[in-house]
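Reviewing the structure listed below.
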Amino acid sequence: MNFDEQIIRKGSKSVKWDQAESLFLTTDALPMWVADMDFKAPQVVLDALKERLDHGVFGYAFQDQETQQAVADWLKRRHGWTIQTDAVTFTPGIVTALSFAVQAFTAPNDEVVIQSPVYTPFYQMIERNGRIVSTNPLKIENNRYMMDFDDLEKKLSRPEAKLMFLCHPHNPSGRAWSKEELKRVGDLCVQYGVTVVSDEIHSDLMLYGQPHVPFASLSDEIANITVTCIAPSKTFNLAGLQASAIIISDEEKRTLFTNELQRNGLSKLNAFAIPAMEAAYRHGDEWLDSLVLYLENNMKIAMDYIDEYLPSMRYMKPDASYLLWLDIRDYELTQAELKRNLLKKGKVILELGNVYGHEGDGFIRMNLGCPAGTVKEGLKRLHQAFTLSSE
């Protein structure tokens, strides 16, 4: 668990490091954008993968009740949520699950409600499946996102609204919705017959001792309308293994969802995803507890630096994850100026806020899931970009 280790990722066909050159047309900028970490996976996962590799035969594989039980035990142990193992199915990623949920629970031209700014594939999976994005913009109060429940009810009450994508904890801000907020969302969706896909991929990375409240744990009624999406990918840095667990309590909804998986030929995980997921969820607690403490320190380093050296920049202190959402509206930069200053002057690659919807204009997202030395270097480059831009 040496999170200070600097691991060379270039040359590993990493989206974050290798594809940055073609996407951003730069070879010397520090990548702190796409949401994966620069840490090795836990040794228990590496050992499980090595054992599978050493077997030497890679024929067809399948997940079974043991895999489901590993998921159920993890949710009970980490979040106090008891589920039935037969409620668990699997997909090669949560974005895949979003698309299948749209196909399973809506028809063309139905509306899917999202709360912007939000994770870019929420928009993409709705629009690419011929459905309509219905936006319930989040409000900023005391430098923190809040839900606009009056507007949410208007959007959910429309007869065309059949599905809601809930991002919990929220990406890009790291906001974890409270039990009271979630209950209001759930009650509205029950009232108007709207199915909820709750993307809880960042839920294991709660910071500062705060608990995660699984949306479907609030009541049986809410569980019956909910598709919960989790994965070891963000938690243990396993995104490239493409394994997610989808929990659907209602049998009818689960059948609709699994029918879409089977129709698309995606009912099984790959031979490496299965042992990795099982090992992570059975034995990854100690590694994760250490990681969270390390991420909290990275957040402190970043927030203290911004307070001291970039007083015109604000941040939303996250409740979860390793992503820091930065408010740069006071700099009044055009998109072209922002890109130029980050890439050419600061030589750092961050996610621009407008990719999360126009409510993200004037924000940038910084990935702090890396060694503290990289965080410090990235902050220096951020300061260089914005100091030069304001002269």
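Here are the numbers for this structure:
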item	result
All positions within segment 23-32 that are in a loop (DSSP other than H, G, I, E, B), of a type outside the set (Val, Ile, Thr) and surrounded by fewer than 16 Cβ atoms within 10 Å (Cβ to Cβ)	Leu25, Asp28
Test: Ala385 is touching a helix residue (DSSP H, G or I) at 6+ places or on another chain (Cβ under 7 Å) and surrounded by fewer than 19 Cβ atoms within 10 Å (Cβ to Cβ)	no
Out of Ala48, Ala35, Ala41, sole residue that is buried (at least 19 other Cβ atoms within 10 Å of the Cβ) and closer than 29 Å to Asn341 by Cβ	Ala35
Qualifying positions in segment 60-81 - out of contact with any Phe, Trp or Tyr (no Cβ under 6 Å at 6 or more places or on another chain), over 21 Å from Val197 (Cβ atoms) and either without any contact (Cβ under 8 Å) to a residue 12 or more places away in the chain or not charged (D, E, K, R) (or both)	Tyr60, Ala61, Phe62, Asp64, Gln65, Thr67, Gln69, Lys76, Gly80
Residues (in contact with a Ser or Thr (Cβ under 8 Å, 6 or more places away or on another chain), surrounded by 13 or more Cβ atoms within 10 Å (Cβ to Cβ) and either without any contact (Cβ under 8 Å) to a residue 40 or more places away in the chain or among the aliphatic types (A, V, I, L, M) (or both)) located in segment 128-143	Asn129, Arg131, Asn136, Leu138
Strands (runs of 3 or more DSSP E) enclosed by segment 195-287 - at least 3 residues per element that are closer than 26 Å to Ser178 by Cβ, modelled with pLDDT of 95 or more and in contact with a Phe, Trp or Tyr (Cβ under 6 Å, 6 or more places away or on another chain)	195-199
Wholly enclosed helices (runs of 4 or more DSSP H) of segment 63-133 bearing at least 1 residues farther than 21 Å from Thr258 by Cβ and touching a helix residue (DSSP H, G or I) at 6+ places or on another chain (Cβ under 9 Å)	65-79, 120-127
Qualifying positions in segment 210-248 - over 20 Å from Cys167 (Cβ atoms) and hydroxyl-bearing (Ser, Thr, Tyr)	Ser219
So Val102, is it surrounded by 14 or more Cβ atoms within 10 Å (Cβ to Cβ) and under 23 Å from Glu251 (Cβ atoms)	yes
Qualifying residue in segment 206-219 (condition: surrounded by fewer than 24 Cβ atoms within 10 Å (Cβ to Cβ), of a type outside the set (D, E, K, R) and under 13 Å from the mean Cα position of the chain (by Cα))	yes
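Quick grid of which residues meet (1) under 17 Å from Thr226 (Cα atoms); (2) part of a loop (DSSP other than H, G, I, E, B); (3) touching a strand residue (DSSP E or B) at 6+ places or on another chain (Cβ under 6 Å); (4) among the acidic types (Asp, Glu):
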| position | (1), (2), (3), (4) |
| --- | --- |
| Asp150 | no, no, no, yes |
| Pro159 | no, yes, no, no |
| Met164 | yes, no, yes, no |
| Pro169 | yes, yes, yes, no |
| Trp177 | yes, yes, no, no |
| Leu188 | yes, no, no, no |
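Okay, residues lined up against (1) modelled with pLDDT of 95 or more; (2) more than 27 Å from the chain's Cα centre (by Cα); (3) not in a helix (DSSP H, G or I):
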site: Glu21; (1), (2), (3): no, no, no
site: Ala48; (1), (2), (3): yes, no, no
site: Asp54; (1), (2), (3): yes, yes, no
site: Val57; (1), (2), (3): yes, yes, yes
site: Tyr60; (1), (2), (3): no, yes, yes
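The values are calculated or read from the model by the stated rules, or taken from the named source; none is laboratory data. Note that this is a predicted model, so its numbers are computed, not measured. Reconstructed Cβ throughout: ideal geometry from the backbone, glycine too, with neighbour counts over all protein chains shown.
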